[in-house]
Amino acid sequence: MIKRVSIVLAKYCPHCVPFSMRNTSRMAEDLRVPLRVLDIEIPEQLEEADKLVEEHGDWSEDYLIPQVFVEYADGRVDHILTGFSETVSVTEASWEALFSSKLYHSLVHEQLATNHKSLKEFVKKYLTFQGRCRRHCDGPSSFLDLWSDLNNVIGAYACPGGYVSKVVYFSVDPDIKLFKSFLSSQVGEEIVTDRDICPATRHGWELGSDASAEIREVTPTGVIKEVYWTIYPKTEDEKSRGVFICSHPEKGRECGKLFVQDTKSRNRLCPSVGRPSATNFLQDQLANQPISYELLSWK
Ligand SMILES: [Zn+2]
Ligand SMILES: [Zn+2]
């Protein structure tokens, strides 16, 4: 898994600024990792830049710039590009060739696939717990997947009766708007309020030594954000209704959609046959994301 993109540059160099700088930003964005800029005119950065170029790049006393690298979580470093000594347009063409290359697409593809798989696995392994149903029954509550994409995992704690005590959203870089629109699309916007949405930061060390060792594979910052949606009803009317997950008493989960009904109801199925399901939400999200067709075909 790639943890960072680095560029060695100098501000005075026309091969570096603005376009190589812009292109490495784009790379970091595509790969969803931080960008590190090492300016050889800044003494503290020069030291790091020299080390990177000497160990992994095209080294000489007066080495060429820019030089671009991807750094992996396991310590590996790949050299990606060195500026041309010829005219600026040659370096520009080399960037264009990189972006349209198979190599670049598989780099992004692989990174996002690993990211997705590992975030979801990490969450399941270390950040979901058996609990108790509240305000509904004395049964156990367990975590059910609702929706996930490359960088986001959303799930709910529900009891065997289908009552949902909270919905949790996990991401390295959470998008609260996305979470709210997910919730609103299922239960209606009127019950989704900012007051009931609470963020929390989870560090590897608080989850045990295994999690501590693995968390860096999932997040370059070593931290996962967790956003809870727990409804705290105020009025009697609000107390009489609860959020449920659509499920079938024998077959297990049906469509997995959240819906609101009387807390005492024994109904297990949502009323919205034909309305958007969690799966449709995923497709809508992907369709709205500015990502290449390669990624679309991956899902
Ligand atoms: Zn219950
Ligand atoms: Zn349903």
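The table for this structure:
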{"read-out": "Verdict on residue 154 being surrounded by fewer than 20 Cβ atoms within 10 Å (Cβ to Cβ) and among the β-branched types (Val, Ile, Thr)", "value": "no"}
{"read-out": "Condition met for residue 171 (in contact (Cβ under 8 Å) with a residue 40 or more places away in the chain and closer than 22 Å to residue 112 by Cβ)", "value": "yes"}
{"read-out": "Residue within region 216-229 that is outside any loop (DSSP other than H, G, I, E, B), at pLDDT below 90 and not aliphatic (A, V, I, L, M) present", "value": "yes"}
{"read-out": "Some residue of region 40-57 being of a type in the set (D, E, K, R) and in contact with a Lys or Arg (Cβ under 6 Å, 6 or more places away or on another chain)", "value": "no"}
{"read-out": "One residue from 196, 173 being in contact with a strand residue (DSSP E or B) (Cβ under 8 Å, 6 or more places away or on another chain), surrounded by fewer than 19 Cβ atoms within 10 Å (Cβ to Cβ) and modelled with pLDDT under 90", "value": "173"}
{"read-out": "Residue count for region 63-116, restricted to those that are farther than 16 Å from residue 1 by Cα, of a type in the set (Gly, Ala, Ser) and in contact with a strand residue (DSSP E or B) (Cβ under 7 Å, 6 or more places away or on another chain)", "value": "1"}
{"read-out": "Identity of the residue in region 127-143, more than 8 Å from ligand 1 (Cβ to nearest atom) and crowded, with 17+ Cβ neighbours inside 10 Å, that ends up farthest from residue 186 (Cα to Cα)", "value": "127"}
{"read-out": "The listed residue being at pLDDT below 95, of a type in the set (Gly, Ala, Ser) and under 20 Å from residue 202 (Cα atoms), out of 165, 148", "value": "148"}
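Conditions tested, residue by residue: (1) over 25 Å from residue 129 (Cα atoms); (2) at pLDDT below 85; (3) more than 16 Å from ligand 1 (Cβ to nearest atom); (4) of a type in the set (D, E, K, R).
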{"position": "202", "(1), (2), (3), (4)": "no, no, yes, yes"}
{"position": "213", "(1), (2), (3), (4)": "no, yes, yes, no"}
{"position": "251", "(1), (2), (3), (4)": "no, yes, yes, yes"}
{"position": "278", "(1), (2), (3), (4)": "no, yes, yes, no"}
{"position": "294", "(1), (2), (3), (4)": "yes, yes, yes, yes"}
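The values are calculated or read from the model by the stated rules, or taken from the named source; none is laboratory data. All figures in this text were calculated on a predicted structure; none of them were measured in a lab. Note that we place each Cβ from the backbone using ideal geometry, even for glycine, and neighbour counts take in every protein chain shown.
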